[in-house]
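Structure first, then comments.
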Amino acid sequence: MRTLRTNWRCLLLVSLSICSEIAAGEQPIGKSKAFRADERIDVLVPTTAALATPVEIPLQVEAPGLVNVSVEQVETMRYGVHRSVEGSVMSLLIQYHGGAAYVTVVPRRLGILKLNFFCGYSDCGFAVKHGSVQVGPPHQPAARIIVAQAGDAAQSTPRILLGLSGFGSQNSLNVYAVFNGIDSPLSIDASYARFRVISADAILSVEVDEQTGGLRPVHIGETLVETSFAGRKVLTCVAVEGKMDGGQAYPHANCQKLLTAGGVLGQSVEQ
């Protein structure tokens, strides 16, 4: 099972940075030395959670002096590849309820999510803990969704041009969701979104792979693809031409004949 480069070392430095600060007030920094102390704490990760929904994770603390807990979220991609989730590496606020410690994590990916915790103590001891959680659909609707090509998460792509052959014969719809309180759009695996193909012809000009969002041109013409997730939907016009060459001008395809009254391409609206 292959693993892409993660931010473990960065997280460990974040977790232990507090050690140097505390040690500076008690003894010369040069005399402080970090050491592994996994037996001091356990992180009780729940089995299930919801995307973009805060989840409280209890800490079973076996020794005093806990001063810092950091987390990294790691997603499992296709073919067994693991990747650190963008924007997930952070230091967490240690909170207490009835004397019991806990931290709050907001899941940023659907599916099986691995959580790597790095816990730092005032005497420079540190613990590394791991847990996995099955993340399901969010409890709240998204503020908006973005449906784009080429992995652009900034804005939706209203029109996509495909060719039956040659340059531009392959493309895909990439889905992102924006939630209030989360600083950046979250990438959504296409298998969790819904795609509806709208065409005026009996033969569809394009087919959508519902597992990957991949677009396969099969017939010259225009097709409207409605993508929906978390209570929002976006319309994308997909135009299929014959053989395409690099640098070919974009046609004036707009799928106007397929749009219902008030429909706007590339705009996130309530489902």
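The values are calculated or read from the model by the stated rules, or taken from the named source; none is laboratory data. Values in this document were obtained by computation on a predicted structure and should not be read as measured data. Reconstructed Cβ throughout: ideal geometry from the backbone, glycine too, with neighbour counts over all protein chains shown.
Tabulated data for the structure shown
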item: Of all residues in segment 37-95 being farther than 18 Å from I182 by Cβ and charged (D, E, K, R), the one that is modelled with the lowest pLDDT; result: R78
item: In segment 243-268, residue farthest from R144 (Cα to Cα) [restricted to those that are surrounded by 15 or more Cβ atoms within 10 Å (Cβ to Cβ) and at pLDDT 90 or above]; result: L265
item: Counted residues, segment 107-141 - those being among the hydrophobic types (A, V, I, L, M, F, W, C), within 19 Å of the chain's Cα centre (by Cα) and crowded, with 16+ Cβ neighbours inside 10 Å; result: 6
item: The one condition in (1) outside the structural domain of L204 (by TED's automatic domain parsing); (2) among the β-branched types (V, I, T); (3) surrounded by 17 or more Cβ atoms within 10 Å (Cβ to Cβ) that I160 fails to fulfil; result: (1)
item: Flag for N171 being modelled with pLDDT under 95 and under 23 Å from the mean Cα position of the chain (by Cα); result: yes
item: Set T76, T104: member being closer than 30 Å to A193 by Cβ, in the same structural domain as R36 (by TED's automatic domain parsing), within 13 Å of the chain's Cα centre (by Cα) and without any contact (Cβ under 8 Å) to a residue 60 or more places away in the chain; result: T76
item: Matching residues, segment 206-238, being modelled with pLDDT of 90 or more and among the small types (G, A, S); result: G213, G214, S228, A230, G231
